[in-house]
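The values are calculated or read from the model by the stated rules, or taken from the named source; none is laboratory data. Note that the structure is predicted; figures quoted are calculated from it, not measured. Because the Cβ atoms are built from the backbone with ideal geometry, glycine has one as well, and the counts that use them run over all protein chains shown. Keep in mind that these areas ignore ligands, DNA and RNA; they rest on the heavy atoms of the full protein, side chains included. Shrake-Rupley method; radii C 1.70, N 1.55, O 1.52, S 1.80 Å.
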Amino acid sequence: MTVTFSQAPGATPERYGKHSGDSSVIVGNGFVGTDEAGAHENAMKTRVRKAVFPVAGMGTRFLPATKAIPKEMLPVVDKPLIQYAVEEAIAAGIDHFIFVTGKAKTAIEDHFDLAHEVESKLKASGKNAQISLLNGWVPKPGQIAYTRQPEAKGLGHAVWCARDLVGEEPFAVLLADDFILSDVPCLKQMADAHAKVGGSIVAVMEVPRDQTNRYGVLDIAGEKGKLVSARGVVEKPKPADAPSNLCVVGRYILDGSVFGYLENQATGAGGEVQLTDSFKPLIASGSPFHGLRFDGRRYDCGEKVGWLEANIAVALTRDDTATPVRKILQGYC
């Protein structure tokens, strides 16, 4: 699969790093932005450098597989979900990676470390091409940090646990089990948009009205191109109460001030600290808040069927797997 990256007008080339995966999480061709001028000029010039990866969840939908393996380590063809998410962040210019972990998640730390013993065996066998697959994509020493979420109190709480590592600057949040396949990484497109409008940006897609109770739903104030300005976000509303069917999926760029709104640890839907509940006061403060209609297809890898579909979709994009997988599928159709 060929992966290409667009560059936002006015952005410097060094803003975005080179992506290293052959079948990574991706998005479409470019971005149609707005020309909101003047406000939050400094925020619009601030490059998004840090990304938070909440990975403390237990993954009970995949038991017994996740009894000993973190759900984020489930593979899509030959790479774990969390590696796709990190490669997506790298493609968007992220250079600091913050993992909010929990118990039994040490496999994630091991995966993002160098595997010297395996590398030595590959060298001895003359398998140099595989060495790059093993260690070539690993971030540099000092670029990765880990912190614990001691209790399962929701996504808002998990993000809040990273507050001291993020500071006050804008930052990204990526949920590894929201797998997005397209031509340019979803977060890269969001970073391009953020360079223009600043504030906070969430990835959004339309869902059937009867599924709004599974998502955070935008209360739309206006639309221009791919950007949707929002007056609020409602967490998991009943279909009859949903302000729209435009829903947030697992990619966020958030203003650093959001930590102040998460500080009170107020619980919302499901008795958890919801990240979306912090958006109302953030928007009320006057900080720009947009949804971005990303180009690409999202697979819910937090569910068995979505994960299986993602494996098939990626396999069909790869030269080494596409033909045999098509033959296998024809046998079941």
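Below, the figures for the structure above:
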quantity: Hey, ALA43 part of a helix (DSSP H, G or I), surrounded by 12 or more Cβ atoms within 10 Å (Cβ to Cβ) and at pLDDT 95 or above or not; calculated: no
quantity: Every pair of residues 6+ apart whose Cβ atoms lie under 8 Å, when the first sits in the stretch 59-70 and is within 17 Å of LEU308 (Cβ to Cβ) while the second is open to solvent by 90 Å² or more (accessible area, probe 1.4 Å); calculated: ARG61/LYS304; PHE62/LYS304; THR66/MET58
quantity: Cβ-Cβ under 8 Å pairs, at least 6 apart or on other chains, the stretch 255-270 side in contact (Cβ under 8 Å) with a residue 60 or more places away in the chain, far side open to solvent by 60 Å² or more (accessible area, probe 1.4 Å) and small (Gly, Ala, Ser); calculated: SER257/SER285
quantity: First in the stretch 131-154 and more than 30 Å from GLN274 (Cα to Cα), second anywhere and modelled with pLDDT under 90 and basic (Lys, Arg), Cβ under 8 Å, 6 or more apart; calculated: ILE131/LYS123
quantity: Matching residues, the stretch 188-226, being in a strand (DSSP E or B) and surrounded by fewer than 19 Cβ atoms within 10 Å (Cβ to Cβ); calculated: MET205, GLU206, ASP219, ILE220, ALA221, GLY222, GLU223, LYS224
quantity: GLU235, sole failed condition from (1) open to solvent by 40 Å² or more (accessible area, probe 1.4 Å); (2) closer than 23 Å to GLY286 by Cβ; calculated: (1)
quantity: Within the stretch 281-303, considering residues that are free of Cβ contacts under 8 Å to residues at least 40 places away in the same chain and in a helix (DSSP H, G or I), the one surrounded by the fewest Cβ atoms within 10 Å (Cβ to Cβ); calculated: ALA284
quantity: So VAL138, is it aliphatic (A, V, I, L, M) and out of contact with any helix residue (DSSP H, G or I) (no Cβ under 7 Å at 6 or more places or on another chain); calculated: yes
quantity: Any hit, the stretch 78-85, residues being open to solvent by 50 Å² or more (accessible area, probe 1.4 Å) and either of a type in the set (A, V, I, L, M) or in contact with a helix residue (DSSP H, G or I) (Cβ under 9 Å, 6 or more places away or on another chain) (or both); calculated: yes
quantity: Subset of the stretch 86-118 (residues that are without any contact (Cβ under 8 Å) to a residue 24 or more places away in the chain and surrounded by 15 or more Cβ atoms within 10 Å (Cβ to Cβ)); calculated: ALA115
quantity: Set SER278, SER244, SER229: member being closer than 24 Å to LEU174 by Cβ, open to solvent by less than 50 Å² (accessible area, probe 1.4 Å) and free of Cβ contacts under 8 Å to residues at least 60 places away in the same chain; calculated: SER244
quantity: Test set (1) under 18 Å from LEU262 (Cβ atoms); (2) in contact with a helix residue (DSSP H, G or I) (Cβ under 7 Å, 6 or more places away or on another chain); (3) open to solvent by less than 10 Å² (accessible area, probe 1.4 Å) - PHE171 fails condition number; calculated: (2)
quantity: Test: residue in the stretch 320-333 that is open to solvent by 50 Å² or more (accessible area, probe 1.4 Å), modelled with pLDDT under 90 and not aromatic (Phe, Trp, Tyr); calculated: yes
quantity: Pair list, Cβ < 6 Å and 6+ apart or interchain, from the stretch 155-173 residues that are at pLDDT 95 or above to residues that are open to solvent by 30 Å² or more (accessible area, probe 1.4 Å) and not polar (S, T, N, Q); calculated: PRO170/ASP255
